[in-house]
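Asker: Could you have a look at this structure, given as structure tokens, before my questions?
The values are calculated or read from the model by the stated rules, or taken from the named source; none is laboratory data. The structure displayed is predicted, hence computed values, not measured ones. Cβ atoms come from the backbone with ideal geometry, glycine included; neighbour counts cover every protein chain shown.
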Amino acid sequence: ARLPYHTSAIPLLVSIILYLIHEVLNKKNYFFVLFFSVGILLQLELAAVIFILPIILIFYLKRVVFTRSNVFKSICGFLFGVLPFILFDLLNGFSYSIKFPLCFTNKNKIKLGRKPLSACT
């Protein structure tokens with residue numbers, strides 16, 4: 001009864017993201033759809049934030065050319081994908097955008113033996 005209801009969409013979105021990365025590497029212009037999918041995946045699972053760094057690393061290693069148009073499409077796609085989080089933050093005092101990064105720093109402080117902040121509780 002406590003299992004999340006939306007976990008079945010995560011493998012589908014990861015597959016779509018991997019396919020879109022492949023298409024972008026093959027010189028297709030799917031930047032908006034790719035980063036929109038990453039934003040939607042972030043809505044379903046907060047741990048999906050780890051996909052952003054490998055995507056940037058793959059693009060850097062494969063020397064994908066980013067024009068201003070591609071960067072604009074990528075940013076707009078990601079922001080449109082996380083629009084519900086942005087709206088929630090605007091209406092509820094930025095609890096997601098401030099407390100979510102604090103959770104990562106608190107977990108690192110726990111591993112290092114420091115006293116954590118109370119952001120994750």
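Asker: Six or more apart or on different chains, Cβ under 6 Å: which pairs go from a residue in the stretch 27-44 that's more than 15 Å from I10 (Cα to Cα) to one that's surrounded by fewer than 20 Cβ atoms within 10 Å (Cβ to Cβ) and hydroxyl-bearing (S, T, Y)? Could you list them?
Answerer: none
Asker: Select from the stretch 1-22 the residues that are in contact with a Leu (Cβ under 8 Å, 6 or more places away or on another chain) and either surrounded by 14 or more Cβ atoms within 10 Å (Cβ to Cβ) or modelled with pLDDT of 90 or more (or both) and write down the one among them that is nearest to F66 (Cα to Cα).
Answerer: Top of the filtered list is I21.
Asker: Here's another thing I want to ask about it. Mind checking which residues of the stretch 26-51 are surrounded by fewer than 16 Cβ atoms within 10 Å (Cβ to Cβ) and within 13 Å of N70 (Cβ to Cβ)?
Answerer: Hits for the stretch 26-51 are K27, K28, N29.
Asker: Could you tell me which numbered condition K62 fails, if it satisfies all but one of (1) in contact (Cβ under 8 Å) with a residue 24 or more places away in the chain; (2) buried (at least 16 other Cβ atoms within 10 Å of the Cβ)?
Answerer: Going through the list (1) in contact (Cβ under 8 Å) with a residue 24 or more places away in the chain; (2) buried (at least 16 other Cβ atoms within 10 Å of the Cβ), K62 breaks only (2).
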